[in-house]
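Since the structure comes first, as structure tokens, the remarks are kept for the end.
The values are calculated or read from the model by the stated rules, or taken from the named source; none is laboratory data. None of these values were measured; they are calculated from a predicted model. Because the Cβ atoms are built from the backbone with ideal geometry, glycine has one as well, and the counts that use them run over all protein chains shown.
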Amino acid sequence: MEYVAISLRRPIQIERIVSVHYFEYGPDYAFVGEQHDFWELVYVDKGEIIATAGEQERLLKKGQMIFHAPNEFHSVRATGTRPPSIAVVSFHCDSPAMDFFEGRLVAVGDEERDSVAEIVRHARDAFSTPLDDPLSKQLERREDAPFGSEQLIALALEGMLVGMIRRGAQEKGQRPTSLIRERSQNEFWDRVQAYLEANVTRRLTLSDICRDNLVGRSYLQKVFREKTGGGAMEYFGNLKIQRAKELIREGGHNFTEIARILGYTSIHYFSRHFKKVTKMTPSEYATSVKMLSRRGRGEDM
């Protein structure tokens, strides 16, 4: 008896990628727009933006993603309120299945959000091109890139697109008890996330979080490890830094005031924590945001 191999069907196949960006814009940012012969997806990680697709303007809020088909004119601008953070991925894919995404705006779930984070992370490993440079036209490979980084970008992107196409179909083979357990954990996660975001200016302890959310320490840490790979306090600290970055981009407070607003005991501790998380000092970050804003408007440096 001879074994017979079959070729795998791959309805979504990404062979070429054009760009991977992660932008942290100021509240007045505006990009004049462009059109090109490849697909582009835009995901709002923080804040909200107004995206133009053809002749239509659409408001995108945190957790939403829009797709631009090849040769569709598109642009983006901030709404003038909270400074947005967005991920942009551009790629070639000639599959007929991509018709599903034409003109589509979707609210993404945890899986898609994790996929976007993977794409950005692997892009930083694979390429030396800064991901926050809107004028970059070609990705430059790192000589010391970890093995398979580019393939992992394709796998994360393909998996996300396939999953989004399949998401509308009714899930099969999952027991009701599993669904209830998963829904309960997701509701708890959403509730604690909202609690931490609402209290980002406080000096919370792990005991405070457990007490205010009526949860045991072990379960709280278990959920955070599953969702983020780290603990609750690490996540809360990162939220503070994200809010600090927004306040810097808004431009209404100096660093000492931002440290006080976010509950840091001193400007020195704030600066150390900021650099630990972002690899930049607050001053370096503020300078980089100003440069990005000027580049986006096509101004000379």
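What to note about this one:
- Count of residues meeting criterion [in contact (Cβ under 8 Å) with a residue 40 or more places away in the chain and either closer than 24 Å to residue 249 by Cβ or of a type in the set (S, T, N, Q) (or both)] in the stretch 69-105: 18
- Restricting attention to the stretch 255-291, the residues that are among the hydrophobic types (A, V, I, L, M, F, W, C) and over 13 Å from residue 243 (Cα atoms) add up to 5.
- From the options 133, 114, residue that is part of a loop (DSSP other than H, G, I, E, B) and surrounded by 13 or more Cβ atoms within 10 Å (Cβ to Cβ): 133
- Total residues in the stretch 71-87, condition surrounded by fewer than 18 Cβ atoms within 10 Å (Cβ to Cβ) and either of a type in the set (Val, Ile, Thr) or within 24 Å of residue 127 (Cα to Cα) (or both): 2
- Residue satisfying all of: in the stretch 193-229; at pLDDT below 90 and among the small types (Gly, Ala, Ser); farthest from residue 272 (Cα to Cα) among these: 216
- The condition (being touching a residue at least 12 places away in the same chain (Cβ under 8 Å), basic (Lys, Arg) and not assigned by TED's automatic domain parsing to the domain that holds residue 186) is satisfied by just one residue among 121, 113: 113.
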